[in-house]
Amino acid sequence: MSTVISLTRKGQRTIPKAVREALDLKPFDRVEVEVVGREAILRKVPLTLADSKGILPALDSPMDPDDAIRLAKEERAQRWRETFG
């Protein structure tokens with residue numbers, strides 16, 4: 001897949017929908033950019049346990065791991081919105 005995009009004056013650009021779908025990117029996912037020579041490679045960065053440390057409330061009972069990851073992503077997204085608006 002090849003997609004041409006242009007940058008704003010601030011050097012910003014939205015990742016095109018086709019690319020987001022190909023990489024299974026969701027809002028607030030992290031993306032790694034690796035520069036190899038004169039090319040850039042984008043990779044989705046999976047959420048790790050270390051990323052979610054301290055953002056989940058203490059629970060009285062065990063939580064399903066999928067629910068914990070979802071909750072951590074939602075909390076991280078909320079904190080990002082509060083910080084960067």
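Structure data summary
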read-out	value
Scan of the range 5-35 for residues that are under 11 Å from the mean Cα position of the chain (by Cα) and not aliphatic (A, V, I, L, M), ordered by number	Arg20, Asp24, Lys26, Pro27, Phe28, Asp29, Arg30, Glu32
Residue, surrounded by the most Cβ atoms within 10 Å (Cβ to Cβ), within the range 9-24, restricted to residues that are outside any helix (DSSP H, G or I) and not hydrophobic (A, V, I, L, M, F, W, C)	Pro16
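Read-outs: derived from the displayed coordinates by stated rules, not from any lab. In this text, all values refer to a predicted model and were calculated from it rather than measured experimentally. Quick reminder, even Gly has a Cβ in these numbers, built from the backbone with ideal geometry, and neighbours come from all protein chains shown.
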